[in-house]
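Where a number appears in this text, it was derived from the coordinates with a stated rule and is not lab data. The shown structure was predicted, so the numbers you read here are calculated from the model rather than taken from an experiment. As a convention, Cβ positions derive from the backbone with ideal geometry for all residues, glycine included, and neighbour counts pool all protein chains shown.
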Amino acid sequence: MNINNKDTAVLLTDVQNDFLSEQGVTWELVGNSVKENKTVENIERLFKAAKANGFEVFISPHYYYPTDHGWKFGGTIENVMHDIKMFDRSGALNLEGFSGSGADWLERYKPYIDDGKTIVCSPHKVYGPENNDVALQLRKRGINKVVLGGMSANLCVEAHLRELIEQGFEVTVVKDATAGALHPELGDGYQAALINYGYIANAVLTTDEAVKAMEA
């Protein structure tokens, strides 16, 4: 995949405290994978390289509003997210209690996200971008290739990969700019994702490789 700033963007999913902060509600499950991959640092390297080399950056966040907790059914991890109040916000039209919450950006990423140039898309609600405006925002800016990272590997990142491929985008996954849960019963989400990335993505790169490609 030819990575260039004319038709390629960086897309990051769920770069939020509940996944990436040691105080986040999922840290017990994802913390070891995040630390092993240096996920927090590698996502910041993607931000820096993108901003320095003229690549647009898109964020696909994950929020739950009080009305979302009225859903009548959900999948296994979807139900867990509701139970632990992951990514909870007080409402769709206000930011009450948002700053510093589990739904907020990791503090070190805020200068990149709040620079007035990063495109923060509407929230996805389960894992993939089918119900938010990621594809629209990419297409409206003439983007047809995506460098993808964020959280978590086998859920939102993989779901975004699958849908964007179906929508006709080329997608490179940055395999150490993500991480996954290690669950005693469900297994290793990160290892499960790596296999599928290899089968589905146009390319699977390390952060070193992705940054080098953006700097070329």
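Rounded to the nearest 20 debye, the dipole size of region 8-215 about its Cα centre is 600 debye, using +1 on the Cβ of Lys and Arg and -1 on the Cβ of Asp and Glu.
Students often get this wrong, so check it: of Lys125/Lys212; Lys72/Lys145; Lys35/Lys110; Lys35/Lys145, which have C-alpha atoms separated by over 25 Å? Over 25 Å Cα-Cα: Lys125/Lys212; Lys72/Lys145; Lys35/Lys145.
Remark: region 52-60, residue by residue, has Karplus-estimated 3J(HN,Hα) of 6, 10, x, 8, 6, 10, 10, 10, 10 Hz, where x stands for each Gly or Pro and the curve is 6.51 cos²θ - 1.76 cosθ + 1.60 at θ = phi - 60°.
Tally Lys and Arg at +1 and Asp and Glu at -1 over the other residues with C-beta under 11 Å from the C-beta of Glu41: what net charge comes out? With Lys, Arg at +1 and Asp, Glu at -1, the neighbours total +3.
By DSSP, the beta bridges lying fully in the chain are antiparallel in about 10 percent of cases. Take Ile195, project a point 7 Å from its Cα along the Cβ direction, then tell me which residues of region 144-170 have their backbone nitrogen under 15 Å from it. Within reach of a label on Ile195, which here means backbone N under 15 Å from a point 7 Å along Cα→Cβ, region 144-170 contributes 154-155. Per-peptide packing, taken as the mean over residues of other Cβ atoms within 10 Å, places 118-127, 40-49, 155-164 in the sequence 155-164, 40-49, 118-127 from highest down.
Scalar couplings 3J(HN,Hα) for region 6-13, obtained by applying the Karplus form with A = 6.51, B = -1.76, C = 1.60 to θ = phi - 60°, are 7, 9, 10, 10, 9, 10, 10, 9 Hz; x denotes Gly and Pro. Per-residue Karplus couplings for region 32-49, computed as 6.51 cos²θ - 1.76 cosθ + 1.60 with θ equal to phi - 60°, are listed in order as 4, 5, 4, 5, 5, 7, 6, 4, 4, 5, 5, 4, 5, 5, 5, 4, 4, 5 Hz, Gly and Pro entered as x. Here Glu130 and His82 are evaluated by their C-beta separation; at R0 = 30 Å the FRET efficiency comes out at 0.95. Can you list residues whose amide H is under 5 Å from Thr13's amide H, if they're 5+ apart or on another chain and H is modeled 1.01 Å from N? Sorted by chain and number, the residues that satisfy this are Ser60, Gly149, Gly150, Met151.
With a Förster radius of 22 Å applied to the beta-carbon distance between Glu28 and Arg108, the computed FRET efficiency rounds to 0.55.
Based on the Cβ-Cβ distance of Ser122 and Lys35, what FRET efficiency does E = 1/(1 + (r/R0)^6) give at R0 = 22 Å, to the nearest 0.05? Approximately 0.10, to the nearest 0.05.
Label reach from Ala92 (point 7 Å along Cα→C-beta): in region 7-27, no amide nitrogen lies under 17 Å.
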